[in-house]
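One structure is given here, and the rest of the page talks about it.
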Amino acid sequence: MSERFTKAAARNIFYGGSIFFFIIFVGLTAQTDYYIRTTSTASAELSDSVRRGKHVWEKNSCINCHTLLGEGAYFAPELGNVWVRYNGLEDPKAAREGLFAWMHSQPSGVEGRRQMPDFKLSDQETNDLIDFLEFTSRVKTQGWPPKASG
Ligand code: HEC
């Protein structure tokens, strides 16, 4: 090592580097927060029923089998885009009816097919849940999931 690399120089590199990367970290955090608030979530359309639907989702641990925007378990289909899969963009009424019927017709009992329990949700809970799933389909995910099928 050159004698010019003194303890003071090492300390300056340490503190200088730490401060430099801390500033970058704060900047990226602020940018992420800004992006989430203004672009990726449709926060303006967060209604009471969406909030209630999220609680139905959590209370019944749907995530133990399903993924929501990629997070969760891989036993059952991705649901972040189930609204799109049920053609909710073209025909919201039919999509709601379809999801409603699905929730109340489980388990299907079809042999060899994975089964989903009957959660015995009330009509209100089911509609709130569907509002929540419709909301998640509007979150901008930069193309995730890559296919409508999940
Ligand atoms: C024990 C595991 C399990 C849990 C918990 C579960 N599901 Fe499912 N779900 C499944 C399986 C398996 C399927 C696929 C069944 C099939 O295709 O016959 C499914 C399918 C679905 C579908 C249809 C998806 C599609 O693309 O057609 C919806 C909607 C759904 N679940 C909603 C929910 C909601 C809402 C909850 C929580 C209240 C929930 N599920 C909890 C196992 C589960």
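The values are calculated or read from the model by the stated rules, or taken from the named source; none is laboratory data. Just so it is clear, the model here is predicted, and its values are computed rather than measured. Counting neighbours? That spans all protein chains shown, and the Cβs are built from the backbone with ideal geometry, glycine included.
What the table below lists for this structure:
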{"item": "Scan of the range 1-50 for residues that are over 30 Å from ASP131 (Cα atoms) and either acidic (Asp, Glu) or touching a strand residue (DSSP E or B) at 6+ places or on another chain (Cβ under 9 Å) (or both), ordered by number", "result": "GLU3"}
{"item": "Scan of the range 19-38 for residues that are exposed (fewer than 11 other Cβ atoms within 10 Å of the Cβ) and within 30 Å of GLN124 (Cα to Cα), ordered by number", "result": "ARG37"}
{"item": "Residue pairs meeting the criteria (Cβ under 6 Å; at least 6 apart or on separate chains; first touching a residue at least 24 places away in the same chain (Cβ under 8 Å), in the range 55-83; second within 6 Å of the ligand (Cβ to nearest atom) and part of a helix (DSSP H, G or I))", "result": "VAL56/LEU129"}
{"item": "Condition broken by ARG114, with the remaining ones in (1) in contact with a Ser or Thr (Cβ under 9 Å, 6 or more places away or on another chain); (2) loosely packed, with under 12 Cβ neighbours inside 10 Å; (3) in contact (Cβ under 8 Å) with a residue 12 or more places away in the chain satisfied", "result": "(1)"}
{"item": "LYS59 out of contact with any strand residue (DSSP E or B) (no Cβ under 9 Å at 6 or more places or on another chain), among the basic types (Lys, Arg), farther than 19 Å from THR141 by Cα and in the same structural domain as SER137 (by TED's automatic domain parsing)", "result": "yes"}
{"item": "Filtered residues of the range 37-50 (kept if at pLDDT below 95, assigned to a helix (DSSP H, G or I) and among the small types (Gly, Ala, Ser))", "result": "SER40, SER43, ALA44"}
{"item": "Filter result (within 16 Å of the ligand (Cβ to nearest atom) and either surrounded by fewer than 10 Cβ atoms within 10 Å (Cβ to Cβ) or charged (D, E, K, R) (or both)) within the range 39-51", "result": "ARG51"}
{"item": "Checking GLY53 against (1) touching a Phe, Trp or Tyr at 6+ places or on another chain (Cβ under 9 Å); (2) assigned to a loop (DSSP other than H, G, I, E, B); (3) not hydroxyl-bearing (Ser, Thr, Tyr), the condition it does not meet", "result": "(2)"}
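Table: residues versus (1) within 16 Å of the ligand (Cβ to nearest atom); (2) at pLDDT 95 or above; (3) in the same structural domain as LEU129 (by TED's automatic domain parsing); (4) under 19 Å from THR141 (Cβ atoms).
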{"site": "ARG4", "(1), (2), (3), (4)": "no, no, no, no"}
{"site": "ILE13", "(1), (2), (3), (4)": "no, yes, no, no"}
{"site": "GLY16", "(1), (2), (3), (4)": "no, yes, no, no"}
{"site": "ILE23", "(1), (2), (3), (4)": "no, yes, no, no"}
{"site": "TYR35", "(1), (2), (3), (4)": "no, no, no, yes"}
{"site": "GLY53", "(1), (2), (3), (4)": "yes, yes, yes, yes"}
{"site": "CYS65", "(1), (2), (3), (4)": "yes, yes, yes, no"}
{"site": "GLY80", "(1), (2), (3), (4)": "yes, no, yes, yes"}
{"site": "ALA101", "(1), (2), (3), (4)": "yes, yes, yes, no"}
